[in-house]
Amino acid sequence: VVIPNHAYSYQFTISLNRNLLNQPFRFKQFEIHQDKCSMKVNTDGVLLGAWSSVAHKYRALDIGTGTGIIALILSQRNHELKTDAVEIDKDTFEQAAVNASSSRFADRIQVFHQSIQAFAKSSVQLYDLIISNPPYFNSGTPSANLQKAKVRHTMHLSHSELLESVTTLLSPQGHFEVILPHYEGIQFIQSASKYRLYPIHITEVYPKSEKRIERLLIRMGKTPVSVEKSQLVIHLSDNPKDYSKEFIELTKELYLFMK
């Protein structure tokens, strides 16, 4: 049984039967198996992969790849791109490796079972695109599910460690892209300046136009520039199928239900 893709609403309101969440999720050009991963396919990863600036990029690094969804989206969008994907959790790494190897992009994605801290110390490769849907809770009570807590909380990858690794691995003209909740995103931008990483483009993401900002899509580089800002609204109403034109345009090459 494959999850009907229209069953997924925005991550902030998603509520599905646990058994459904363990089923493969089909996109137009690839399939994601997720039964071994605590964090399932969600709008955050799709948004980041679809929003990413992939033109004229040749080497990408996906930090904390999870199911491998972002690496696969990047590969679909840029046929010249080669992507290294790093994942510390063993079960999740194995699933990401299967998802990548069973896709039509298998020859352009390599998955590493390693922490990004160790990877940054050993790698000699510089990347013109580094992307991450990182842990974002620096405080609060971690989930009782240890695997899920590792993903959501900065237990094994603090933002400072992430930024230090990115500084080491990013090429001089490269881009670093993340998605974070609004408050954590603002903090992240402030912290990044200590590592000489500066915002280039920030997109404010709203679940609906009358709601507050829920996410920030952030693109950074090593050179200070004037920051471009934009907004993205996901839904036009409470109807989970009532998507904005901007969201449809962004994701129509990915989701099966988008035309």
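The values are calculated or read from the model by the stated rules, or taken from the named source; none is laboratory data. Computed from a prediction, not measured in an experiment: that's the story for all the values here. Neighbour counts are summed over all protein chains in view; Cβ atoms, including those assigned to glycine, are modelled from backbone coordinates with ideal geometry. Just so you know, the surface numbers come from the protein's heavy atoms only, side chains and all, with ligands and any DNA or RNA stripped out. Shrake-Rupley method; radii C 1.70, N 1.55, O 1.52, S 1.80 Å.
Structure data summary
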{"read-out": "Residue-by-residue Karplus 3J(HN,Hα) for the stretch 66-78, coefficients 6.51, -1.76, 1.60, Hz, glycine and proline x", "value": "x, 6, x, 4, 5, 4, 5, 4, 4, 5, 5, 7, 9"}
{"read-out": "Rounded percent of accessible protein surface that carbon and sulfur make up, the stretch 27-66, 1.4 Å probe", "value": "50"}
{"read-out": "Qualifying trypsin sites (Lys or Arg not before Pro) in the stretch 83-125, DSSP loop, other Cβ atoms within 10 Å at most 14", "value": "Arg104"}
{"read-out": "Ranked by how many other beta carbons lie within 10 Å on average, peptides 205-213, 127-135, 64-72 from highest", "value": "64-72, 127-135, 205-213"}
{"read-out": "Separation in nanometres of the label points that stand 7 Å from Cα toward Cβ, at Leu256 and Gln110", "value": "3.3"}
{"read-out": "Separation of alpha-carbon centers, the stretch 29-82 and the stretch 172-230, rounded to whole Å", "value": "19"}
{"read-out": "Tyr127 long-range amide H proximity, modeled H, under 5 Å", "value": "Leu170, Ser171"}
{"read-out": "Spin-label pair Glu94/Ile248, simplified geometry with 7 Å Cα→Cβ offset, distance in nm", "value": "4.2"}
